[in-house]
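Since every read-out is calculated from the coordinates, none of them should be taken as a lab result. Values in this document were obtained by computation on a predicted structure and should not be read as measured data. Here Cβ is always computed from backbone atoms with ideal geometry, including for glycine, and neighbour counts include all displayed protein chains.
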Amino acid sequence: MQIKNNTPLPHGEYFRLCSSCGICTPECTVKPGIVPGVGSTATPQEIAKYLLSLEKNGDVHDSSDNSIPPSFICTACGMCDHVCPYYVPFLEKLMAAREWLQSLGTVNVPKNLLEMEGSITATGNPFGFAREKRDEWVREDFPALDRADVVFYPGCQTAYNFFRVETAIMKILKAAGISASLPGRSDQCCGRFLYFLGRSGMMKSAAMANVENVRKKGAKILLANCSSCYLAFKKDYPLMVGNLPFKVMHTTEYINELIGEGRLDLRRPLNKKIIYHDPCELGRIGGVLEAPREALRSLPGVELLEFDRNRGDGLCCGGGGLFEALDEKQAFAIGERLVKEAVTKGADIMAIACPTCNNVFAMARDNLKRKGELGGKLQIKDVAEIVLRCL
Ligand code: SF4
Ligand code: SF4
């Protein structure tokens with residue numbers, strides 16, 4: 001489809017800088033052939049070619065049939081940036097290009113993502129769930145406090161779909177004697193979903209509201225357990241609204257500190273082999289690599305295993321960016337490779353530090369089980385759920 005385009009591709013020089021050396025291609029989470037029989041894959045080179053041809057010829061992918069344009073076939077895993085010998089900051093520039101694509105017309109953006117964007121505006125979360133339900137499962141046990149030293153921001157995925165993890169985290173904080181609060185119903189999507197969509201202006205509004213909610217409780221520490229929410233508070237919000245009046249930590253970092261200070265009585269041995277998965281936005285991009293491992297190693301009766309690819313080189317679950325929302329079948333199929341590796345290595349539990357990874361791996365495991373290809377048992381658990389078992 002041809003469109004009229006009067007504005008140049010922002011930071012086009014970076015896409016032109018790509019020498020097509022192909023080093024990132026086999027590393028890309030959505031590289032061709034990653035899912036047998038699925039051809040709808042792109043790579044940084046393909047995405048760069050697409051954007052440059054759109055700039056030159058106005059030749060745009062038409063998403064009105066809900067097909068995914070190359071500019072959205074990406075899990076935002078950051079592996080291309082990690083391996084590129086020419087230091088092309090691909091991921092950041094792709095997000096700037098998506099802003100540009102939005103300005104050229106919504107035909108570039110898959111329909112279901114536009115619907116989710118509408119849900120965030122209407123309900124504060126991409127799923128379209130009612131705001132009153134945000135703390136429905138936890139408010140009796142953990143009512144939001146007016147003032148608290150620590151605020152735990154669960155984010156949309158945990159608040160609505162993983163409230164068992166939310167409960168585990170609040171129980172651990174209580175056991176350590178921390179004055180902690182949930183935001184209640186007043187928080188909203190962290191906004192990285194909007195950033196991935198090319199709507200950083202909308203993310204800035206979310207940043208202002210979420211920071212104000214934490215600030216008015218007088219909190220010294222903000223905890224996030226979703227790797228996207230963590231990066232939003234840690235990296236994006238200070239750029240958007242200035243320095244934050246509180247420290248930002250991932251829940252695994254804080255729990256590890258509590259264990260180190262001897263504030264948790266870990267008396268029940270687990271007697272399990274645990275393998276830890278590094279979420280891309282927490283590990284490779286966010287730099288939180290050792291704290292989750294140290295926390296798990298401190299638990300009685302735990303043998304910690306590693307994936308062949310781990311820490312900054314760790315492989316993506318398959319669902320990051322907006323990819324799970326776009327093509328969950330493909331995302332779950334990508335997730336199968338690490339579930340298989342975990343079982344092959346003899347792990348009883350795959351430890352997770354992000355609700356998106358949690359969902360993708362649980363679905364991938366169940367799919368393998370249905371196909372008779374799992375080859376063993378595997379629990380998928382958030383680090384906090386594992387720690388709670390020892391209390
Ligand atoms: S590694 Fe860098 S230069 Fe090479 S193809 Fe990938 S983005 Fe382009
Ligand atoms: S961020 Fe990851 S999925 Fe996206 S193009 Fe780069 S390597 Fe591929």
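The three principal axes of the Cα atoms in region 232-337 give end-to-end lengths of 43, 41, 21 Å, sorted in falling order. Toward the positive end of the charge dipole of the chain, with +1 on the Cβ of Lys and Arg and -1 on the Cβ of Asp and Glu, the farthest Cα among T158, C77, G218 is that of G218. Pairs from the table (K133/K204; K133/K171; K247/K272; K171/K216) lying more than 28 angstrom apart at Cα are K247/K272. Its residue count N sets the reference 2.2 N^0.38 Å, and the alpha-carbon radius of gyration of region 234-288 equals 1.52 times that reference. Annotation: peptides 195-203, 16-24, 276-284, 318-326, ranked by per-residue average of other Cβ atoms within 10 Å with the highest first, follow the order 276-284, 318-326, 195-203, 16-24. Semi-axis lengths, largest first, of the ellipsoid equivalent to region 164-316 are 29, 21, 12 Å, with √(5λ) applied to each eigenvalue of the Cα gyration tensor.
Stokes-Einstein, applied to the Kirkwood radius of region 149-207 over Cα pairs at a viscosity of 0.890 mPa s and 25 °C, places its translational diffusion at 194 µm² s⁻¹. Computed packing ranks the peptides 121-129, 361-369 as 361-369, 121-129, most packed first, by mean other Cβ atoms within 10 Å. Both radii are taken from the alpha-carbon atoms of region 95-224; with Rh as the Kirkwood radius, Rg/Rh is 1.03. Taking 4.7 Å between beta carbons as the limit, the unpaired Cys residues of the chain are C18, C21, C28, C74, C84, C156, C189, C390. Here the dipole of the chain is about 560 debye; that uses its Cα centre as origin and unit charges on the Cβ of Lys and Arg (positive) and Asp and Glu (negative).
Secondary structure note: in the chain, about 5% of the DSSP beta bridges are antiparallel.
Eigenvalues of the alpha-carbon gyration tensor of region 27-136, scaled by 5 and square-rooted, set the equivalent ellipsoid semi-axes at 27, 18, 15 angstrom, largest first. Note on L223, L266: ascending count of other Cβ atoms within 10 Å places them as L266, L223, the fewest first.
A straight line joining the Cα centroids of region 321-341 and region 361-375 runs 12 Å.
Short-range pairs are left out: with C-alpha atoms under 8 Å and at least six residues apart, the relative contact order of the chain is 15 percent. Summarised in one figure, the compactness ratio Rg/Rh of region 1-56, Cα atoms and Kirkwood Rh, is 1.05. Both the radius of gyration and Dmax for the chain are 20.9, 66 Å, in that order, over alpha-carbon atoms. Eigen-decomposition of the gyration tensor built on the alpha-carbon atoms of region 308-385 gives equivalent ellipsoid semi-axes of 18, 15, 12 angstrom, largest listed first.
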